[in-house]
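The values are calculated or read from the model by the stated rules, or taken from the named source; none is laboratory data. Bear in mind that the values here come from a model prediction, so they are computed numbers and not experimental data. Neighbour counts are summed over all protein chains in view; Cβ atoms, including those assigned to glycine, are modelled from backbone coordinates with ideal geometry. With ligands, DNA and RNA removed, areas are computed over all heavy atoms of the protein, side chains included. Shrake-Rupley method; radii C 1.70, N 1.55, O 1.52, S 1.80 Å.
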Amino acid sequence: MRRALARIGHEIVERDRDLSRLAIVGIRARGDALAARLCETIRANEGVEIPLGAIDITLYRDDLTRVGYAPVVRESAIPFSVDDRVLVLVDDVLFTGRTIRAAMDALVDYGRPRAIRLAVLVDRGHRELPIRADFVGKNVPTAIDDDVRVHLVEVDGRDEVELVKAEVPV
Amino acid sequence: MNPQWSRRHVLDTDDWSRAEIETVLDQSRAMVEVLSRPIRRAPALRGRTVILFFAEASTRTRVSFELAAKALSADVTNITATGSSLEKGESLYDTARTLEALGGDVLVMRHASSGAPYFVARRTSAAVINAGDGTHAHPSQGLLDAFTLREALGDLEGKRIAIVGDILHSRVARSDIHTLVPLGARITLSGPPTLVPAAWRCGQPPSGVTYEPDVDRALDGADAAIVLRLQRERQQAGLLPSLREYSRVWGIDVGRMGRMRAGAPVMHPGPMNEGVEIDAAVAHGSRSLIEKQVTNGVAVRMALLYLLAAGSAALLEDRA
Amino acid sequence: MSFDRRPFEARGLLVVPGFIDLHAHLREPGFEESETIATGARAALRGGFTTVCAMPNTEPAIDAPGLVAQVVARAASAAGARVLPIAAITRGRRGAELCDLVELAAAGAVAFSDDGAPVSDAGLFRHALEYSRIAGALIVEHPQDLSLSAKGVMHEGSVSAELGLAGMPAAAEEAAVARDLALVKLAGARLHLTHLSTAGSVELVRRAKAEGVAVTCDVTPHHLSLTDEWVAGSRTFAWERAERNRAMPYDANTKVNPPLRSRADVRALWAGIADGTVDAIATDHAPHASIRKEVEFDQAAFGISGLETALPLVLGGVRAGWASWDAVLAALTTGPARVLGVPPPKDDWIVIDADAEWTLDGEALISKGKNTPLLGAKLTGRVVEVAVDGDLKLNEGHAAEAVGAR
């Protein structure tokens, strides 16, 4: 995981040489921890402090009225102006793309970024929206009913990517 | 945080646990952030209808709920006393049936009769939020006062809050008690004996609450004061000799503020009678949280609307 | 035909004299949507009351001999309990001019009351008491100081404070009882105080009786069993372990005047029954059409439909040991007869299954008034047969089944 993040950190810097306009925004509740690690990586390698934000997408979910309960809303924190910035959205797993759609909708409520890019630790395929990651830690082929769980020290007490295969009916 | 929420209605907070209150306050904090964005509107309640049924005059609370509903993209329908058939003698029973037929998801209601929201909640499938019923409860005000006090004072455990004024007729006082006491605060009520329930003065106050007839002693060392609005009708009803005397004996001025802990804030649910229950210098002074209450009110009401309208029954942690 | 108690006793059922209710509202004429003399008289039988006194707060009020005669005639064809009319003390129950008490008594009025509208003018009430002596008439007073009860809708106490409902303090009743007792002494008359609800009222009557004042009083089954916590939504009887259960607050069916009081008041009423201070248990049966209860609590009419639930309520206190069955039975039979100054009917009997458990269903009530907070409650004790003047009245429908099932 550390190597994947280091590589993504490099790629982000390669892609946008002008680091002064860069900001990294993690999607709660695990993308924000990954975003913080990416910031740290870039600071260590480039000596540059990239602004860090966190966004909660709950209020932008398209299934709110269908899930039958109210998911907990966490506080978003975008402590900088997004206007004319290149934002790198960070999430743990890219799956249907709906979370990313929600995050982009949320981000544009803060202003008009110059660009939004997407970094994910795992891309497991099965997109339902026309969304593609710019930076991918690892592509993991999965069946649609599988579950990919990313565990992070900051949230779960350990770093691990777990592929839970769907139970095959006998 | 271990979120706890499984309410279908918000009628009173008198039976809420500390965890439930804290859940709402935590959700409110996220809503404050939403309101700080350049575009103060999230799509969470798109397609949901919030009916604001105000059978008693109120601008502040109605507008606060309306802004909250719109900030979550809900459709908002207003039914006010003057605009509804209540004035033509339509019964609350008929109104409840009509509201049910209109099919709102959340019904925010204010009514002059204590308990009226219970009456409606039993007769509608919508989630009902009590926005003030008679002299009973005003849960969203209690929650926003708790939210505002927590922002100003931090943890309320062991904090002493003075509530001063017409306790008898105050739904705000009742809801403040039921929200602040579970969070660990102790309440000192102070006001004219004619305007404090006899049971609360004479040995049966609610848990965590005491009555202190001398307002100066009530304020001594207090961590915050909540000043209540004095309705001018109380004088006509023979409960008060005069507003002048009330102001002199119970009004909160700069001198009285000095009795509280240094920097202790003052709140007021509004609208204020400046110069009666509160001095203008206090109301607009640096220790006044009165404007903060108004801003926080929208966020707390967003949290309530979200919790009632987004889910059918429960708030859950979600890994999505 | 004389009533044969043996088959019932053989089944282990209790056979006792028919109950006498000193205080019921049968609503006719004027409020037939709430009750009629016929439905009320049949509901009375269902509850074990073979005699029921009908209060005069009808529309028009029963304040003229012709109206008394009308009630008597209606009652005769009701095929229910014996109905005894009570006439108004003042014309139109307006508390201003005395009615023709002698003529009303001659027409059949057994007592006089402005129930629901207490005679506030102490001078006039003194005259009513004095004048009642020559009419040989019994004055029944609803003691309530209206300036103290004011806009109250429930008992004033910690529960009303929490619910934000205007309270009627115990003192509103006690101040009126004290006034009435002073006037009885002054007038040298006799007075019956109805539906006493507070510990202080019972104590005042206890002391007055000890002094030899000619006063009697009654209490209601609901004041003997329910507390002000019921307004807050509790459905725990006074003798059950109190727990905070407020599932259904502001139910207008708990709104009654005098209001449901504290547990200490309930205990004091039972003590009054146990020591004979309380002469009678009267239902204050107050049926209302749903339209008068299906409104905001403070707008709702006062009253509980009580004829058909009296027995299980009073049996609860007996089981709790708060008074003996003999004392309760006396308060339902010989006590009220003594208050009225008439011998108890000789061949009125009721059969009680004291252990029958049943759930109150509003639709099953014979009374038109479904306004009772006991809807859905589990009750124990039921009247299974009634005889008026020796004739069986309930041996049909589910009553017969209930008997047969045992």
Filtering region A:57-78 for residues that are free of Cβ contacts under 8 Å to residues at least 12 places away in the same chain and either closer than 14 Å to A:VAL25 by Cβ or part of a strand (DSSP E or B) (or both) leaves a count of 2
If you go through B:LEU149, B:LEU144, B:LEU156, the only one that is open to solvent by less than 10 Å² (accessible area, probe 1.4 Å), of a type outside the set (Asp, Glu), over 15 Å from the mean Cα position of the chain (by Cα) and more than 14 Å from chain C (Cβ to nearest Cβ) is B:LEU156
If we ask which residues in region C:156-170 are open to solvent by 10 Å² or more (accessible area, probe 1.4 Å) and more than 10 Å from chain B (Cβ to nearest Cβ), their number turns out to be 1
Residue hits (region B:122-133; within 11 Å of chain C (Cβ to nearest Cβ), open to solvent by 10 Å² or more (accessible area, probe 1.4 Å) and out of contact with any Phe, Trp or Tyr (no Cβ under 8 Å at 6 or more places or on another chain)) are B:ARG122
Scan region A:9-21 and give yes if some residue there is buried (at least 22 other Cβ atoms within 10 Å of the Cβ), modelled with pLDDT of 90 or more and outside any loop (DSSP other than H, G, I, E, B), otherwise no.
-> yes
Exactly one of C:GLU211, C:GLU141 is among the acidic types (Asp, Glu), more than 14 Å from chain B (Cβ to nearest Cβ) and closer than 26 Å to C:ALA96 by Cβ, and that one is C:GLU141
Item to complete: Go through the residues of region C:309-318 one by one and say whether even a single one is among the β-branched types (Val, Ile, Thr) and out of contact with any helix residue (DSSP H, G or I) (no Cβ under 9 Å at 6 or more places or on another chain).
Response: yes
Condition set open to solvent by 10 Å² or more (accessible area, probe 1.4 Å), over 22 Å from B:SER36 (Cα atoms) and not polar (S, T, N, Q), scope region A:63-81, selection farthest from the other protein chains (Cβ to nearest Cβ): answer is A:ARG66
| query | In this structure, is B:ALA299 at pLDDT 95 or above, at the interface with another protein chain (Cβ under 9 Å from one of its Cβ atoms), assigned to a helix (DSSP H, G or I) and closer than 15 Å to B:THR148 by Cβ? | reply | no
Among C:ALA171, C:ALA105, C:ALA137, C:ALA117, the single one that is free of Cβ contacts under 8 Å to residues at least 40 places away in the same chain and part of a loop (DSSP other than H, G, I, E, B) is C:ALA137
Q) Got at least one residue in region C:36-44 being open to solvent by 20 Å² or more (accessible area, probe 1.4 Å), in contact with a Gly (Cβ under 7 Å, 6 or more places away or on another chain) and not in a loop (DSSP other than H, G, I, E, B)? A) yes
- Query: Do the conditions hold for B:ALA81, that is, is it at pLDDT below 85, within 14 Å of chain C (Cβ to nearest Cβ) and surrounded by 15 or more Cβ atoms within 10 Å (Cβ to Cβ)?
  - Reply: yes
Sole miss for A:THR41 among (1) crowded, with 17+ Cβ neighbours inside 10 Å; (2) modelled with pLDDT of 95 or more; (3) more than 9 Å from every other protein chain (Cβ to nearest Cβ) is condition (2)
Only one of C:SER234, C:SER160, C:SER201 is hydroxyl-bearing (Ser, Thr, Tyr), farther than 21 Å from C:LEU129 by Cβ and at pLDDT 95 or above, namely C:SER160
Of the residues in region C:266-296 that are away from every other protein chain (no Cβ under 14 Å) and among the charged types (D, E, K, R), the one that is surrounded by the fewest Cβ atoms within 10 Å (Cβ to Cβ) is C:ASP275
Counting only residues that are out of contact with any Ser or Thr (no Cβ under 7 Å at 6 or more places or on another chain), in contact (Cβ under 8 Å) with a residue 60 or more places away in the chain and either among the small types (Gly, Ala, Ser) or over 16 Å from C:GLU156 (Cβ atoms) (or both), region C:251-270 contains a total of 6
Worksheet item: Out of all the residues in region B:292-309, is one or more surrounded by 14 or more Cβ atoms within 10 Å (Cβ to Cβ) and over 28 Å from B:VAL128 (Cα atoms)?
Response: no
Checked region C:35-51 for anything in contact with a Ser or Thr (Cβ under 9 Å, 6 or more places away or on another chain) and small (Gly, Ala, Ser); matches are C:ALA38, C:GLY40, C:ALA43, C:ALA44, C:GLY47
Over region C:307-343, the set of residues of a type in the set (D, E, K, R), farther than 15 Å from C:CYS53 by Cβ and in contact (Cβ under 8 Å) with a residue 60 or more places away in the chain is C:GLU308, C:ARG319
Restricting attention to region A:82-97, the residues that are out of contact with any strand residue (DSSP E or B) (no Cβ under 9 Å at 6 or more places or on another chain) and open to solvent by less than 10 Å² (accessible area, probe 1.4 Å) number exactly 1
C:THR216 passes all but one of the listed conditions (1) open to solvent by less than 10 Å² (accessible area, probe 1.4 Å); (2) part of a strand (DSSP E or B); (3) touching a helix residue (DSSP H, G or I) at 6+ places or on another chain (Cβ under 8 Å); the exception is number (1)
All-but-one check, C:ALA182 against (1) open to solvent by less than 20 Å² (accessible area, probe 1.4 Å); (2) more than 23 Å from C:HIS23 (Cα to Cα), failing number (1)
Taking region C:240-265 and the residues there that are in a loop (DSSP other than H, G, I, E, B) and among the acidic types (Asp, Glu), the one that is farthest from the other protein chains (Cβ to nearest Cβ) would be C:GLU240
Those residues of region C:369-392 which are in contact with a Gly (Cβ under 8 Å, 6 or more places away or on another chain) and in a loop (DSSP other than H, G, I, E, B) amount to C:GLY369, C:LYS370, C:ASN371, C:THR372, C:LEU375
Residues in region C:75-121 that are open to solvent by 50 Å² or more (accessible area, probe 1.4 Å), of a type outside the set (Asp, Glu) and farther than 22 Å from C:ARG42 by Cα total 7
The residue that is farthest from B:ARG160 (Cα to Cα), considering only those in region B:225-279 that are in contact (Cβ under 8 Å) with a residue 60 or more places away in the chain and of a type in the set (Lys, Arg), is B:ARG234
